[in-house]
Structure formats: structure tokens, C-alpha cells
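Computed from the coordinates by the stated procedures, all read-outs in this text should not be read as laboratory data. In this text, all values refer to a predicted model and were calculated from it rather than measured experimentally. Counting neighbours? That spans all protein chains shown, and the Cβs are built from the backbone with ideal geometry, glycine included.
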Amino acid sequence: MQPTEHIFSVTTEAGSIPMAYTKFSPNDSSTYKPLLCVHGLTRNGRDFDYIASALCRHEKYTVYCPDIIGRNKSGNLPEDKAQLYNYTTYTSNVSSFIQYILQDEKSIDYIGTSMGGIIGMMIASAPSNPIRALVLNDIGPVLKKNALSRIKKSLSEFEHSSFTSQQDALEKYCKIRYVDFGITDDHWDYFTSISVKQKEDGLLGVNYDTNIKQSFSVPDEDVQMWTLWDAINCPVLLIRGKNSDIIDEECVKQMKTRGPSDFTVIELDHVGHAPSLYTSDQIKIVREWLKEKVK
């Protein structure tokens, strides 16, 4: 099923910015439930093409996959306003988008990878929020300082990268920067195609505004967000890569003792931060959990 491409304008302190999104929906979607998928820091909405297509076909979802501003086909913030690439802006934009797509519906299901999962927790922790079921892809209420340092380093490492071809980008960028995603040989070419864009000089570069790094800081200690976790009431599925460096086993252990009463954890072998959600086994995990929790 091919998605359709759309634009939704979001309001920021820098003015209105176009936020692109893809929509997976059949011709007659009147009986289909809404589901929102939000990507990680340097990724974009096309990461969810495989799982969105499956959920639309088999679970009667209309799936929305936005490119958060500064990524892929969405607009960028002005360079002098790059500090607005932050969770206050992102959460406000996603909340506005949810209200836009809900229309007559009262609730929405949500899948968030890394940054997208943090946005999901922020929204789901608010009173009277519309999230009915929340899938967190390798993220939780504690962010490990060392992992944040690794991410910040990679933002600088590839900031000025240029690639002569998609194959060049695959070998010099994607298989290095995203080695822990657990991407199979069948999917590397597609993954690379959505990870790079043509630059003004005709070469390929990263598919996000490199100014996002301006608001990305590494604290002296691990980031603690337990107040968000404790306020969430909806069912939550956590998918964790066993090799993840951003959410460790101790955090998962604590998550089981507090926060939402309906909490499920699935850990994946040979994957780090963050599982791609491309493979049939990973898609099946999400499909079966949503089928059980959302009637």
C-alpha cells in the first residue's frame, strides 16, 4: 500500500513551519482507527513505511507518519532560531497534529522511536490526553549519559559528510551511524534512500537539518523522567534492543514497579538502539499487542 504525502503547518516561536507527513489509508477509511508514528532524532517518518503498511492492511488503522520539523521534507527553523529544536517545540507540534487528525475520534494509538517515544510519554502523561495505547521503541524514563554523548558525537561526525552515490552513503554513513538498528540486507538500500538527500553541490548528505545539534546537550548525569512515567495511565509496550545503550536493564526493572499498571516489555536479541521495526517479527510484536489492547 502506497502512502500519500501531505503538509500540515505547525506553529513555532519562529513562525509557521510546514510539517510533511505520510498517510497510510484505504479508499474507505471510515471504520479505521487513527495511529501516529513518530521517529527518532535524526530519522524521519518514512522509517515506519513497513509497519504502517502492515497495520493499515491487517489491523484497520489509518496511520500518520510525520517528519518532525528539520527532517526530510518538513521545513527547517531559521539558523538563528535553532535552539527551538527542542522537546517543547516538538511536543507542541505533535499535539497540534493529533488534534488535526483526530477529527471525530476521541483517541489515538501511538508508536514512538527514541525521540518520538519521549514525545509520546510527554503527551501521554498529561491529564485528559488522547493516547489510548503507547508503544515505546527503545526509550524509557531514564536516558543514559554515555548514550547521549555518543549521539552528540555522531551529530558532529556526519554534519558535513558528502557521498557520491547511495552505495557510498550506505558504506560510509548508514552502516556506521545506524549499525545497531538491526537492519537486514533486504532493507539497507531502502533505509539508505530515506537517510540521505541531495545537496546544493549535487552530492548526497544527511537527511536532516544539521542545526538540530545546537539544542542537543549532554548533562553531567543520566536524564531522569520518572514523573512522566508515573503519570501515564494507558497500556504501554516497550520494545528494547538487548544491546541498547540508552535504556538499560535496571531502568526496565524499575519501570515494572511503577507507572502504568498495564506494561509489557519485549526484548530483542542482536539489536541495540533502536530496533528498526522493519522486519516481520518486530512488526508482528506490535500488531499482536495492539490487537490485544485496542478493541
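In region 215-267, a dipole from Cβ-located charges (positive for Lys and Arg, negative for Asp and Glu) runs towards its positive end, and of W229, F216, N243 it is W229 whose Cα lies farthest in that direction. Amide H contacts of L238 (H built 1.01 Å from N, in plane; Pro and chain starts excluded): L136, T264, V265, I266 sit under 5 Å, all sequence-distant by 5 or more or on other chains.
Rounded, prolate or oblate: which fits the chain when a ≥ b ≥ c are the square roots of the eigenvalues of the alpha-carbon gyration tensor, with rounded for a/c under 1.5 and prolate only if a/b beats b/c? Each step should come with its number before you reach the end.
Values: a/c = 1.29, a/b = 1.17, b/c = 1.10.
It is rounded, given that a/c, with a ≥ b ≥ c, falls under 1.5.
Using Cβ counts within 10 Å as a stand-in for footprinting exposure, how do T227, T113 rank, fewest first?
T227, T113
Assuming charge only on the beta carbon of Lys and Arg (+1) and of Asp and Glu (-1), the dipole of the chain about its Cα centre is about 500 debye to the nearest 20. Sorting Y21, Y110, Y190 by the number of Cβ atoms found within 10 Å of their own Cβ, with the fewest placed first, yields Y190, Y21, Y110. Just check region 176-217 against the gyration tensor rule for me: Cα atoms, a ≥ b ≥ c as the square roots of the eigenvalues, rounded for a/c under 1.5, and otherwise prolate or oblate depending on whether a/b exceeds b/c. It is oblate, given that a/c is not under 1.5 and a/b is not larger than b/c. Taken along the Cα-to-beta-carbon direction at a fixed 7 Å, the label points for F216 and A126 span 2.5 nm. By the Stokes-Einstein formula, at 1.002 mPa s and 20 °C, region 86-232 with its Kirkwood radius over alpha-carbon pairs has D equal to 123 µm²/s. A simple spin-label model places pseudo-atoms 7 Å from Cα toward Cβ; at K291 and K197 they are separated by 3.8 nm. Oblate is the label for region 234-288, because the ratio a/c of its alpha-carbon gyration tensor axes (a ≥ b ≥ c) is 1.5 or higher and a/b is not greater than b/c. By the beta-carbon count within 10 Å of each Cβ, the least crowded to most crowded order of C65, C37, fewest first, is C65, C37.
For region 222-233, putting each phi into the Karplus relation 6.51 cos²θ - 1.76 cosθ + 1.60 with θ = phi - 60° gives couplings of 4, 7, 10, 10, 5, 5, 5, 4, 5, 8, 7, 10 Hz, in residue order, rounded to whole numbers and with x for Gly and Pro. What the Cβ-Cβ distance of E13 and N146 gives, at R0 = 35 Å and to the nearest 0.05, is a FRET efficiency of 0.65. Label positions at K242 and Q224, each projected 7 Å from the Cα along the C-beta direction, are separated by 3.0 nm. Multiplying the residue separation of D281 and T164 by 0.36 nm and subtracting their alpha-carbon distance yields 38.7 nm. Between the beta carbons of D262 and T88, assuming R0 = 41 Å, the FRET efficiency works out to 0.90 to the nearest 0.05. Using a cutoff of 8 angstrom between alpha carbon atoms and counting only pairs six or more residues apart, the relative contact order for the chain works out to 20 percent. Gain on full extension, evaluated as 0.36 nm per residue between E249 and D80 minus their Cα-Cα distance, stands at 56.9 nm.
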